[in-house]
Amino acid sequence: MSYLWLVFALLSAITAALVSIFGKIGLQSVEANTATAVRAVIMAVFLVAVVAFQGNIGKIPSLFEDKKTLLFIVLSGAAGAASWLFYFWALKLGKVSQVAPVDKLSVVIATIAAVVFLGERLSWISGIGISLIAIGVILIAFS
């Protein structure tokens, strides 16, 4: 069994933590929407460079051939943009030590959605873990 997914997931967690810290510091003298827009442009340039480096720029037009694929990529992008806006508004107003954990309630919501909409199954241990995440978020948010 390959655990490469775990390596990438841990790297995602580490870099997401940096977003919180760097974002909070960067928001000290700028409005959240402006910061989010600049961040989005930087991310877009970076990601296009990655796709170009991989030699996959030519594959981008194929995304427009499958309407279902395009629809869900657009929906994912819109949800991601909204998430960034809400996250940066929360960072502007709150403490990183509270905002970041509450944001991770997305783990609980995504897991429930995966079970309901994607037919994924959870072991009882996973169910307990998801419940503990939810309880932890509530405890942190209201502490």
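The values are calculated or read from the model by the stated rules, or taken from the named source; none is laboratory data. Remember, it's a predicted structure, so these values are computed and weren't measured experimentally. Positions of Cβ are generated from backbone atoms using ideal geometry, with glycine treated the same way; all protein chains shown enter the neighbour counts.
With Phe8, Phe22, Phe88 as the choices, which residue is in contact (Cβ under 8 Å) with a residue 60 or more places away in the chain, among the aromatic types (Phe, Trp, Tyr) and under 29 Å from Leu139 (Cα atoms)?
Values: Phe8 fails: in contact (Cβ under 8 Å) with a residue 60 or more places away in the chain; Phe22 fails: in contact (Cβ under 8 Å) with a residue 60 or more places away in the chain.
The conditions single out Phe88.
Among the residues making up region 110-121, those that are over 17 Å from Ala9 (Cβ atoms) and surrounded by 10 or more Cβ atoms within 10 Å (Cβ to Cβ) are Ile112, Ala113, Val115. Counting only helices (runs of 4 or more DSSP H) that sit wholly inside region 86-143, those with at least 3 residues that are out of contact with any Phe, Trp or Tyr (no Cβ under 7 Å at 6 or more places or on another chain) and at pLDDT 95 or above are 105-118, 124-141. Filtering region 109-142 to residues that are closer than 25 Å to Phe22 by Cα and in contact (Cβ under 8 Å) with a residue 12 or more places away in the chain leaves Ile133, Gly136, Val137, Ile140, Ala141.
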